[in-house]
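Undergrad: To start, I am sharing the structure in question, which I have written as structure tokens.
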Amino acid sequence: MMMGKPKSAQSRQPTAVLYARVSTGRQALKDLSIPDQFMRMRKYCAVRKIEVVDEYNDARSGRTMVRNELSDMLERVRNSPQKIDYVIVYSFSRFSRDAIESELVRRELAKRGTELISITQPIGDDPSGEMMRLIINIFDEHNSRETSKHVSRSMEENARQGFWNGGLPPFGFEPIVVCTRGVSVKKKLEICPVESEYVRLIYKLYLEGDGKSGPLGIKNITSKLNADSHLRRGRNWTIGQVHYVLSERIYMGERDFRKGLDDDEQIIVPVPPIVDIVTFENVQLRLRQRNPRTTAPRATNTPILLTGVAA
């Protein structure tokens, strides 16, 4: 029997859930791929008199099975009191590009009597069909990994040229369009006038205090910012966010695009500094001195000379 043909022995109308996913982030932004997939899958079901009981979509790219809508769809199939005969996708690559995970899920569905159908890749459920499906999944996974490598190389080169690769910018900065290359819009990080004032305030509070006492610790700075309604993009600050502002080199003019890698693999992108290098280094010195992993607590809290040096 070929996939996609309802079993003739069934007296009731067969049921299906539809699942769609984009293959690239650009498709998700343009909202082109998912509506088209659903349109074609609905037509497929209408011709074959398959009842569509639900539709799921993950509007993002990715190789893994860790996707919210996919997880919800699988839970529906597993726990629905109404039997689901088919899970229908536009192509197997839209389901997953991890060959092993895809096959494991397909087999689980098959044990429950649910068939995974690709409307563009009709494959039999005999041994040769299973082998063909595995080959397709392996090729999809290979192509996905090669595409990922190409995207990574493009992003690295973009960063080397000083451009912003997208996403949420670090607090204190905003992406500004600087040029266009063909259809690509190139942006660089520039200082955000409002947010940068909060950054400078955090550095001042940490080194000098608020004029009423000495330098403030990170916890007290966090409390003061929130009490004074100096919010972080509409929300209260956390201790971790304040620590990030005080410790990241981007605030003295160096953005590490590949943070955590070996020195020869790092890509340092220059950005406009919000604080000068002397201020930044003074903060780093104080952070190290107050770090309990490197300095005994008594050595940072007592005025007694040589505490922590003489036993």
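Undergrad: If the chain between Leu168 and Met155 were fully stretched, how many nm would it gain, using 0.36 nm times the residue separation less the Cα-Cα distance?
TA: Values: separation 13, 0.36 × 13 = 4.68 nm, distance 1.54 nm.
Full extension from Leu168 to Met155 adds 3.1 nm.
Undergrad: If you don't mind, there's one more thing I want to ask. So for the range 191-248, averaging the separation of alpha carbon pairs under 8 Å that are six or more residues apart and normalising by length, what relative contact order in percent results?
TA: Values: 38 pairs, mean separation 17.1, N = 58.
Dividing the mean separation by the residue count of the range 191-248 yields 29 percent.
Undergrad: What nm distance separates the two modelled labels at Ser91 and Lys219, each placed 7 Å from Cα along Cα→Cβ?
TA: Distance between the two pseudo-spin positions: 5.6 nm.
Undergrad: On to the next question. Which of the listed residues, Leu225, Asn236, Ile176, is farthest toward the dipole's positive end in the range 173-251, when Lys, Arg count +1 and Asp, Glu count -1 at the beta-carbon?
TA: Ile176
Undergrad: Turning to a different aspect of this structure: Which pairs, out of Lys83/Lys111; Lys43/Lys111; Lys187/Lys224, put more than 22 Å between their alpha-carbon atoms? Could the numbers behind the result be given before it?
TA: Details: Lys83/Lys111 13 Å; Lys43/Lys111 27 Å; Lys187/Lys224 34 Å.
Checking Cα-Cα distances, Lys43/Lys111; Lys187/Lys224 exceed 22 Å.
Undergrad: Something else: Test of understanding: extend the Cα→C-beta vector of Leu287 to 7 Å, then name every residue of the range 163-177 with backbone N under 20 Å from that spot.
TA: 169-174
Undergrad: Still on this model: Please list the non-local residues whose amide H lies under 5 Å from the amide H of Val178, H modeled 1.01 Å from N, same-chain partners needing a gap of 5 or more.
TA: Counting only residues 5 or more places away or on other chains, the set is Lys186, Lys187, Lys188.
Undergrad: How long is the range 189-273 along each principal axis, judged by its Cα atoms, biggest number first, in Å?
TA: 45, 23, 20
Undergrad: So what is the relative contact order for the range 156-280, in percent, with contacts set as C-alpha pairs under 8 Å and at least six apart?
TA: On the way: 167 pairs, mean separation 28.2, N = 125.
Answer for the range 156-280 is 23 percent.
Only the coordinates and a few stated rules stand behind these numbers; no lab work does. For clarity, every value in this text was computed on a predicted model and none was experimentally measured. Don't worry about glycine lacking a Cβ; one is built from the backbone with ideal geometry, like all the others, and counts go over all protein chains shown.
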